[in-house]
1. Highest first, please rank the peptides 11-17, 31-37 by the mean number of other Cβ atoms sitting within 10 Å of their residues.
2. Enumerate the amide H contacts of THR28 below 5 Å, restricted to partners 5 or more residues apart or on another chain; note that Pro and chain-start residues carry no placed amide H.
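Each value in this text was obtained by applying a stated rule to the coordinates, not by laboratory testing. Keep in mind the model is a prediction, meaning the values are calculated, not measured. All Cβ positions, glycine included, derive from the backbone under ideal geometry; neighbour counts span all protein chains shown.
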Amino acid sequence: MYEPVVIASGRTYERFRILKWFAEGNDTCPTTRRKLANLSLIPNHTMKDLISRWSATHGVSVPDPSMEASGAHLLESRSNSIASLSSSMNNL
């Protein structure tokens, strides 16, 4: 987890992912499916510290999921462009 946050249910999620969940119109906990009293996010500093320590000990970097999402979007965009180019060439 890059940026762990606690939601009203007491569960911890990756900030980027839970914000996406809420943006999709959900007002429930993804795990319990119970309606949340609020959509507040509280940073989980303890979890972040534990992840950072473990990562440093094991030589692992924790990628920013928002960067992964934009990378996936770029890949999809490039795939569409290649398919379009291929289709255009077939029509020549």
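1. 11-17, 31-37
2. Long-range HN contacts for THR28: LEU36.
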